[in-house]
Amino acid sequence: MTFYEMIEDLSLALNRDKLVIFVGAGVSKNSGLPTWGQLVQAFAEKIDYPTNGRLATEEYIRIPQYYYCLDESEGHSSYYSLIKSMLPEDIAPNLLDELIAALRPKHIVTTNFDTLLDQVARDYEVIRDDKDLMTGISSHYLLKLHGDIRQPEKLVFKEDDYLHYSHTHRLMETFLKSLLIDHVFLFVGYSLNDYNLKTFVSWIEYIAEEMHVKQKMHRNYFLSSSLHAGRDYLRKYYEGKGLEVIDLYQLPDEVEKQAECVPLADDLGRRTYAVLELIS
């Protein structure tokens, strides 16, 4: 598919109220908050875990688990305090948060702990756990898949949290999987090697295989910054799993020029904004 064919498909899904936008830490980075990798690096430094500035996929969840196991403070207060210290609640939303809310997709889903989207998506009912989903009455949800910084003890961050997720968040997981049947997913602010992205893609692939609709299933999309470094094998990998990749560093010239005018400090944030703006 060409770039504009993908944009047209996303726009059509939005107009049909069938677009679900997944928001990762790369979006919150534009408000000055740390990425997931930076959070984990902070935990690694506290326990002298050698990363050489790079993290393998499994280390994103394992390093916090190591810290948690070493933490002998009452109720693991040191573990939770470190997370809270890096994600202050008084940070203002950025232009990307505002644009995502303004697009008004069917649902907004985030793995971020911060409250940036809460502040701008005021018409969306916030779902933080299964109990909220059971009592939800809105047609538009902001699903905080991994919890909220205001409830640190319920965050999904360390390895055990991920391993137990299907049991602790059974309804949320089932709800998301049901959306895969007739909604289009757009992933923003994730890296191609993101553990969360791999989990979501595994759901897409499994449902397509289980229902024997892999060739007929609608496309899902991912805004990527990883392919410009010659990683076309990643594109083929994800396309084989039902995910079309939009390379943010291979945009049409007119979109590149539009991105230069976006008042965000981060180049990737500007490019992301320019693409999302086209969908509307």
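Here are some notes:
- Among the candidates Leu176, Leu133, the residue that is more than 16 Å from the chain's Cα centre (by Cα), assigned to a helix (DSSP H, G or I) and modelled with pLDDT under 95 is uniquely Leu133.
- Thr110 being at pLDDT below 95, hydroxyl-bearing (Ser, Thr, Tyr) and either under 30 Å from Leu276 (Cα atoms) or in the same structural domain as Val40 (by TED's automatic domain parsing) (or both): no
- Scoring Ile181 on the criteria (1) without any contact (Cβ under 8 Å) to a residue 24 or more places away in the chain; (2) farther than 16 Å from Thr111 by Cα leaves a single failure, condition (1).
- For beta carbons closer than 7 Å, sequence separation of 6+ or different chains, a first residue in the range 23-43 that is in contact (Cβ under 8 Å) with a residue 24 or more places away in the chain and surrounded by 19 or more Cβ atoms within 10 Å (Cβ to Cβ) and a second that is among the acidic types (Asp, Glu) and assigned to a loop (DSSP other than H, G, I, E, B), the qualifying pairs are Gly24/Asp194; Ser28/Asp114; Lys29/Asp266; Asn30/Asp266; Leu33/Asp114.
- Qualifying positions in the range 99-123 - within 25 Å of Lys84 (Cβ to Cβ), assigned to a loop (DSSP other than H, G, I, E, B) and under 17 Å from the mean Cα position of the chain (by Cα): Thr111, Asn112, Phe113, Asp114, Thr115, Ala121
- Qualifying positions in the range 142-164 - hydrophobic (A, V, I, L, M, F, W, C) and surrounded by fewer than 18 Cβ atoms within 10 Å (Cβ to Cβ): Leu163
- Residue selected from the range 1-22 under the condition in a helix (DSSP H, G or I) and among the hydroxyl-bearing types (Ser, Thr, Tyr), by the criterion surrounded by the most Cβ atoms within 10 Å (Cβ to Cβ): Ser11
- Hits in the range 189-207 (condition: modelled with pLDDT under 80 and more than 24 Å from Tyr273 (Cα to Cα)): Trp203, Ile204, Glu205, Tyr206, Ile207
- Condition met for Tyr4 (of a type in the set (Ser, Thr, Tyr), touching a residue at least 12 places away in the same chain (Cβ under 8 Å) and within 19 Å of Asp161 (Cα to Cα)): no
- Annotation note: of Ser178, Ser191, the sole residue that is of a type in the set (Ser, Thr, Tyr) and either in contact with a Pro (Cβ under 7 Å, 6 or more places away or on another chain) or surrounded by fewer than 16 Cβ atoms within 10 Å (Cβ to Cβ) (or both) is Ser178.
- Boolean, Tyr49 is without any contact (Cβ under 8 Å) to a residue 24 or more places away in the chain and among the aromatic types (Phe, Trp, Tyr): yes
Residue-wise test of (1) closer than 26 Å to Asn15 by Cβ; (2) surrounded by fewer than 16 Cβ atoms within 10 Å (Cβ to Cβ).
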| residue | (1), (2) |
| --- | --- |
| Arg235 | no, no |
| Tyr238 | yes, no |
| Gly242 | yes, no |
| Val255 | yes, no |
| Asp267 | no, yes |
| Val275 | yes, no |
| Ile279 | yes, no |
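- Of all positions in the range 25-36, none carries a residue that is more than 20 Å from the chain's Cα centre (by Cα), in a helix (DSSP H, G or I) and farther than 30 Å from His218 by Cα.
- Residue count for the range 44-81, restricted to those that are over 22 Å from Val27 (Cβ atoms) and in a helix (DSSP H, G or I): 20
- Considering the conditions (1) buried (at least 18 other Cβ atoms within 10 Å of the Cβ); (2) outside the structural domain of Gln38 (by TED's automatic domain parsing), Tyr79 is excluded by exactly one of them, (2).
- Considering each residue of the range 237-249 in turn, none proves to be modelled with pLDDT of 95 or more and assigned to a helix (DSSP H, G or I).
The values are calculated or read from the model by the stated rules, or taken from the named source; none is laboratory data. Keep in mind that this is a model prediction, so the values were computed, not measured. All Cβ positions, even for glycine, are placed from backbone atoms using ideal geometry, and neighbour counts span all protein chains on display.
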